[in-house]
Amino acid sequence: MCIDPVTAMALISSATASVGTAAAAAGTMGTIGTIASVGGGIISAYSQVQNSKAQAAAATRTAQAQDVAALQAIEQGEQESDKRRRAGAALQAENTVGMAANGVDVGSAQALDVLDDGKFLIEEDAFTIRENSRRSGTGMAQAAENSRAEAQTARSNATFAPIKTMLTTAATVGNKYASWVPDARSTQNSEGYS
């Protein structure tokens, strides 16, 4: 159940005004301060929940975008690698035709060595392209995992930060209340009776 901030402020304001009127009638300024502390604690807790939810949603969206980017980087690398292989195969064919046109026996050991060296370099280029894109994609996938962890932390904060705020507020209010109430020990006589 979510209450929008305007409604929450109106409820707290009306509650504070009602209690504030009673406190003013009683003439106790400490009561007004205590009520303000409680109202501030409630508003702070509500704000923490909303901020944590927004942070979790943003981190989740970031993780999704990073997942997509990782897959695209890997796919782009595969496409570029295949393109390099095709271009290399065309170059190899041109070299073979050029050798044959110049009277070189393309079946000779020397011609085969030249063609094999060319093929090796083409494959090495294609492999490097593919590996670089894989590394890039892996880095993006890790960033997505980090964003998911950030979202989980924000969801935990949506639960625990407001609890801490409310406990701190309660302790503060309790201390103020204790200062208004006379110490029961000081009103007892030496035998333990009032």
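A short reminder: the numbers here are calculations on the coordinates, not readings from a lab. In this text the structure is predicted, and so the values were computed from the model without any measurement. Cβ sites come from the backbone with ideal geometry, for glycine too, and all protein chains shown count toward neighbours.
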- Item | Computed lengthening from Gln92 to Ser179, 0.36 nm per intervening residue step minus Cα-Cα distance | 22.1 nm
- Hz values of 3J(HN,Hα) by residue in region 106-122 - Karplus curve (6.51, -1.76, 1.60), Gly and Pro given as x: 5, x, 6, 4, 5, 5, 5, 4, 4, 5, 5, 4, x, 5, 4, 5, 5
- Note on the structure: Semi-axes of region 22-141 from the Cα gyration tensor (sqrt of 5 times each eigenvalue, largest first, whole Å) come to 76, 9, 7
- Message: Can you tell me which lysines have their Cα less than 26 Å from the Cα of Lys176? Leave out same-chain residues fewer than eight positions away.
- Response: Lys164
- Task: Assign one of three labels to region 91-182, namely rounded, prolate or oblate, based on the Cα gyration tensor with a ≥ b ≥ c the square roots of its eigenvalues; rounded applies when a/c is under 1.5, prolate when it is not and a/b is larger than b/c, and oblate otherwise.
- Result: prolate
- Query: At a Förster radius of 35 Å, what calculated FRET efficiency corresponds to the Cβ-Cβ distance of Gln79 and Ala54, to the nearest 0.05?
  - Reply: 0.40
- Can you tell me how much longer the chain between Phe127 and Ala36 gets when fully stretched, taken as 0.36 nm per residue apart minus their C-alpha distance, in nm with one decimal? 26.0 nm
- Query: What residues from region 110-143 fall in the zone where the backbone N is under 14 Å from a label point 7 Å along the Cα-to-C-beta line of Val104?
  - Reply: 110-119
